[in-house]
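Here the structure is laid out as structure tokens; the discussion comes afterwards.
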Amino acid sequence: METQTAVSSFAVEPGDISSKFDDDGRKNRTGTLMTASAHIITAVIGSGVLSLSWALAQLGWIAGIIVLLIFSLITLLT
């Protein structure tokens, strides 16, 4: 039985490697605190907004509005 070994190689851009690439070989990230905050906010708000309509549909008009008001009071007081 013959065994084959794969050889991989890659070219690196000339210059100071540590300033262009992370320690795992990928290009450095360019995110800022503002972009990270925006991503977190959209992730948290997005899932809540998408599930709100489904929850109200499951509860109905009366119970849905009551539960929504109860949770808004809990959020206000905590």
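If the chain linking Leu50 and Ser19 were pulled fully straight, counting 0.36 nm for each residue of separation and taking away their Cα-Cα distance, it would gain 7.1 nm.
In a DSSP loop and with at most 12 other Cβ atoms within 10 Å, the trypsin sites (Lys or Arg not before Pro) in region 24-78 are Arg26, Arg29. Volume of the convex hull of region 31-77 (Cα atoms only), normalised per residue: 63 Å³. Counting neighbouring beta carbons within 10 Å and listing from fewest to most, the residues Phe71, Phe21 come out as Phe71, Phe21.
Bear in mind these aren't lab numbers, they're just calculated from the coordinates by the rules spelled out. Because the structure is a prediction, the values reported are computed rather than measured. FYI the Cβ positions are ideal-geometry reconstructions off the backbone, even for glycines, and counts take in every protein chain you see.
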